[in-house]
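Visitor: This is the structure I have questions about; it appears just below.
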Amino acid sequence: MVRSKTAGVILAILIALSGVFVPLSMSQAASPSVIRVAEAPGANPNYIFPYMQCAYFSTSNINQFQRLMYRPLYWFGLGRSTALVPSLSIANSPVFNKSDTSLSLSTKGWRFHGGQAVNARSVMFFLNLWVSDPTNFCAYEPNHGIPDEIKSATAQGNVVRINFTAPVNPQWIVDNFLSLVTPMPEIWDRTSTSAKAGCSSGRLRAASTVRACKAVDAYLQARASNTATFASPFWQAGTDGPWLLSSFSSAGDATFVPNSRYSGTPKPGVAQLKEIAYQSTSDVVHDLISGKVDLAYLSYGAITSTASTPSANAATMSGIEKVYNLASSNPWAIDYFPFNFNPADPKAAIVAQPYIRQAMQYAIDQSTIVKNIYGGYAVAGTGPLPNGISTQVGGKVSTPFSYSLSAAQNLLTAHGWALQSGVMTCVKPGAGTSACGNGVASGATLSLKLIATSDSAQLNQIIALEIAAWHSIGIEVTLQSDTYASVLTDCGSSAGYELCAWSGGWNYLPSIYPSGEDLFTTAGTFDVGGYNDSTLTKLINASLHTKANLAAYSRFIVAQAPVLVQPSETLLAETRKTLRSSIPIVANPLNAFTPEYYHY
C-alpha cells in the first residue's frame with residue numbers, strides 16, 4: 001500500500017500544537033467503562049464491507065473499523081510485534097503438502113453474531129468473490145498468488161483445501177493472501193433483501209458462481225457506503241470479532257460494545273469503545289489537551305522534544321505529560337525517492353548508470369535527517385525491507401552506501417566525470433568500466449530534475465538538505481513542486497523528471513510479506529519509476545515460489561539503487577496514563593488495533 005500521509009492511507013494525526021495548556025477538569029477525566037480514540041481528521045470510516053475497491057482501501061476503514069468486527073483468517077500484529085498471532089486468528093495454521101502445491105486449513109468453530117458458524121463455506125464466500133471479481137478488491141495482484149494461482153479449491157465442514165498451479169512460498173501465501181481473507185456470513189450472499197445468490201456455495205470459477213458473485217458484489221458495494229445502515233442487524237450479523245458496532249453517526253463517530261458472542265479471547269475490558277471523528281487538526285489538539293480522548297496517534301509534527309533513541313518514550317506534547325504517555329514504534333514501511341527509468345526521458349542514459357544512483361545515495365546523510373529533521377523519531381532506511389525484519393526472512397542487512405561525500409565524488413570521477421564550472425561533466429564517454437557509460441555523451445552534465453509534493457515540512461527540509469549535498473559533489477538537482485497525483489504520473493513518464501518524492505513511501509500493508517513484486521517488476525502495482533531488471537525479476541519470483549528468503553532480492557536492490565533510500569518516521573501514540581493493558585499500547589507497525597486488551 002502506498003505510504004502517503006496526504007493520501008490518508010495511514011493513521012497519522014498531523015498536529016501543529018498551539019495555544020496554552022488547560023488543566024484537565026474532573027469532568028474530562030477518563031471513564032472507567034469507555035475508551036475514546038481520536039480518528040484521523042477528515043478520515044473517518046466510510047465503508048463497511050471488507051471486500052473493497054481502492055477508493056475505500058484505507059487504515060481508517062480496515063484496521064481501525066472493519067477488523068474490530070470482522071476478523072481475517074490470520075491475524076498479524078500485537079503491541080510492537082508484526083508476527084502472526086494464532087490466538088486472534090479465526091483459522092488454525094494451514095498445512096502445506098511437501099511440494100508446496102496445496103494447503104488445507106480449518107476454521108476454529110467460532111460463530112458470527114447472527115448465530116451462523118464460521119466454517120469453510122464462509123471462507124469460500126470470500127475466495128469466490130476474489131476469483132470472480134478480482135479487480136474490485138484493491139489488494140489483488142495480477143498473476144500472483146491468490147486468486148490467480150489457485151487451480152482449485154473445495155470446502156467441507158470447517159476445512160478448506162486449495163490447490164495451486166505451481167509451488168508457492170508458504171509464508172508469502174499466508175502473510176499476503178490468507179491474511180486478507182475475511183470469512184463472511186450467508187446472510188450477505190444475496191442480491192436484494194429477499195433474493196439469495198449462491199456465491200458462497202458455488203464451485204470455484206464455475207460460470208454460475210462467477211455470475212452470482214459479481215451480482216452479490218455489486219449489491220453489497222452499493223450498500224456498504226451507506227453509513228446510516230452501518231449499525232444495522234444486516235452488517236452486525238457478520239461480526240465474529242470482539243467488538244459489535246452499536247451506533248454510527250452521520251459525522252463519523254463510531255461506538256462499539258463488546259460482542260457477547262465472541263468466541264475468542266481476550267474479551268473486551270470496557271463497556272464501550274468510542275471512535276471520535278474530527279474535521280480539523282485543531283479540534284484534535286483541543287480535545288487532547290482538554291483530556292477528552294484516551295488515545296491519539298500522532299506524527300512528529302506534534303512532538304515538542306527529541307527522542308534519546310527512536311524507540312524511547314520521550315517527553316510528550318507540552319502540557320499533557322502528566323496525563324498521557326508517549327509511545328513509539330517502527331513502521332512496517334520503507335521511504336524512498338524513485339528514479340525515472342522511462343527510456344524516453346531526456347536523461348535516461350544517465351539514470352541507467354548504477355554508479356550514478358549509488359553516488360547520490362552516498363550523499364544522503366540519514367543520521368542528520370533522523371536527528372535534526374525528525375528529532376530522533378525516525379529510523380534510517382537500509383534497503384527495500386522494513387526495519388525490524390528478522391534475519392531469517394531478510395538476511396543480514398548491510399548499508400554499503402552510507403553517507404560519504406568523498407566516496408560519492410570519487411565514484412563519479414572514477415567513471416569519467418570531471419567537475420567543470422561546479423557541475424560534473426562527462427569527459428570520458430563510452431561503455432568501459434572507467435567511462436561514463438553506454439549512451440552518455442561527451443559533455444553531458446549531471447543536471448537532473450526532481451518532482452515532489454510540498455505537503456510536508458519534513459519532506460521539504462529533507463529535499464533541501466539533499467539538493468545541497470548533491471550540489472557539493474557536482475550534481476545539480478532542480479526541484480519542481482506539484483500535486484501527489486502529478487508526481488506519481490510524471491515520475492515514470494517522458495516529462496523530463498529523473499527523480500520523484502512524496503511525503504511517504506510504501507507500507508507493506510495489508511500484504512505484509514515484503515517481497516518486491518509490487519514495487520520492482522513491470523507488472524507491479526506500484527512500480528512508479530518503471531524499474532525493470534531480468535535478474536531482479538528472477539530473484540523476486542524465487543522468493544514467491546520457493547522457500548528462498550528475501551536476502552538475495554534485498555542485496556540486489558541495495559547494490560543497484562533503483563531508488564534513493566530515506567529514513568522512515570516512527571509511529572507515535574499518546575495514551576492516557578491510567579489506561580492499562582497486558583501488551584504495549586502503541587501504534588502497531590501493521591496498524592493492527594486491538595483495544596480488547598485495554599482497560600482501566
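We did not get these values from a lab; they are worked out from the coordinates using the rules stated. No experiment lies behind these values; they were computed from the predicted model shown. No Cβ is skipped: glycine too gets one built from the backbone with ideal geometry, and neighbour counts run over all protein chains shown.
Visitor: Given the C-alpha atoms of segment 333-569, compute the convex hull and give its volume per residue in Å³.
Guide: Values: hull volume 28.4 nm³, N = 237.
Hull volume normalised by residue count: 120 Å³.
Visitor: Also, quick follow-up: Please report VAL285, VAL427, VAL379 as a ranked list, fewest other C-beta atoms within 10 angstrom at the top and most at the bottom. All intermediate terms of the calculation are to be shown ahead of the outcome.
Guide: Values: VAL285 20, VAL427 15, VAL379 23.
In increasing order of surrounding Cβ atoms, one gets VAL427, VAL285, VAL379.
Visitor: Let me check I've understood the local charge: for LEU590, count other residues with C-beta under 12 angstrom from its C-beta, Lys and Arg +1, Asp and Glu -1. What total comes out?
Guide: On the way: positive: ARG67, ARG80; negative: ASP175.
Neighbour charge sum, excluding LEU590 itself: +1.
Visitor: What is the magnitude of the charge dipole of the chain about its Cα centre, with +1 placed on the Cβ of each Lys and Arg, -1 on the Cβ of each Asp and Glu, and no other charges, expressed in debye to the nearest 20?
Guide: The calculated dipole for the chain is roughly 1560 debye.
Visitor: With both partners inside the chain, how many of the DSSP beta bridges are antiparallel, as a percent to the nearest 5? Could the numbers behind the result be given before it?
Guide: Details: 57 of 73 bridges.
Here the share of antiparallel DSSP bridges comes out near 80 percent.
Visitor: Give, in whole angstrom and from largest to smallest, the semi-axes √(5λ) of the equivalent ellipsoid of segment 352-488, with λ running over the eigenvalues of the Cα gyration tensor. Walk me through the intermediate numbers first.
Guide: Working: eigenvalues 154, 83, 41 Å².
Values for segment 352-488, descending: 28, 20, 14 Å.
Visitor: Determine the alpha carbon to alpha carbon distance for each of LYS98/LYS396; LYS108/LYS547; LYS396/LYS547; LYS151/LYS547; LYS196/LYS267 and list only those over 22 Å. All intermediate terms of the calculation are to be shown ahead of the outcome.
Guide: On the way: LYS98/LYS396 28 Å; LYS108/LYS547 27 Å; LYS396/LYS547 17 Å; LYS151/LYS547 20 Å; LYS196/LYS267 33 Å.
As for pairs spanning more than 22 Å Cα to Cα, those are LYS98/LYS396; LYS108/LYS547; LYS196/LYS267.
Visitor: Counting Lys and Arg as +1 and Asp and Glu as -1, what is the net charge of the other residues whose Cβ lies under 13 Å from the Cβ of HIS113?
Guide: On the way: positive: ARG71, ARG111, ARG261; negative: ASP240.
It works out to a net charge of +2.
Visitor: If you don't mind, there's one more thing I want to ask. If Lys and Arg each add +1 and Asp and Glu each add -1, what is the summed charge of the other residues whose beta carbon sits under 14 Å from the beta carbon of ALA38? Mind dumping the intermediate values first?
Guide: Values: positive: ARG36, LYS274, LYS292, ARG576; negative: GLU39, ASP253, GLU275, ASP283, ASP287, ASP294, GLU574.
For residues surrounding ALA38, the net value is -3.
Visitor: Another question about this same structure. Could you tell me which of rounded, prolate or oblate describes segment 87-202, using a ≥ b ≥ c as the square roots of the eigenvalues of the alpha-carbon gyration tensor, with rounded for a/c under 1.5 and, failing that, prolate when a/b is larger than b/c and oblate otherwise? Each step should come with its number before you reach the end.
Guide: Working: a/c = 1.94, a/b = 1.35, b/c = 1.44.
Because a/c hits 1.5 or more and a/b fails to exceed b/c, segment 87-202 counts as oblate.
Visitor: What does the convex hull of the Cα atoms come to per residue for the chain, in Å³? The partial results should precede the final answer.
Guide: On the way: hull volume 86.9 nm³, N = 600.
Dividing the Cα hull volume of the chain by its residues yields 145 Å³.
Visitor: Which lysines does LYS274 reach when only Cα atoms under 25 Å apart count, and residues fewer than 8 places away in its own chain are ignored?
Guide: Filter leaves LYS5, LYS292, LYS322, LYS577.
Visitor: Work out from phi, with θ = phi - 60° and the Karplus expression 6.51 cos²θ - 1.76 cosθ + 1.60, the ³J(HN,Hα) of each residue of segment 333-344, listed in order in whole Hz, and give x for Gly and Pro.
Guide: Per-residue couplings from phi come out as 7, 10, 10, 6, 10, x, 7, 9, 9, 5, x, 8 Hz.
Visitor: What full-extension length gain, to one decimal in nm, is calculated for ALA542 and ALA435 as 0.36 nm per residue of separation minus the Cα-Cα distance?
Guide: Value of the extension gain: 35.1 nm.
Visitor: Label segment 160-258 by shape, choosing from rounded, prolate and oblate, from the square roots a ≥ b ≥ c of the eigenvalues of the Cα gyration tensor; if a/c is under 1.5 it is rounded, and otherwise prolate applies when a/b is larger than b/c, oblate when it is not. Can you show the working numbers first?
Guide: Numbers: a/c = 2.58, a/b = 1.41, b/c = 1.82.
Oblate shape, in that a/c is at least 1.5 and b/c is the bigger or equal ratio.
Visitor: When a/c reaches 1.5 or more, the comparison of a/b and b/c decides; with that in mind, is segment 472-600 rounded, prolate or oblate per its Cα gyration tensor? Spell out each step's value before the answer.
Guide: Working: a/c = 2.51, a/b = 1.49, b/c = 1.69.
The shape class here is oblate.
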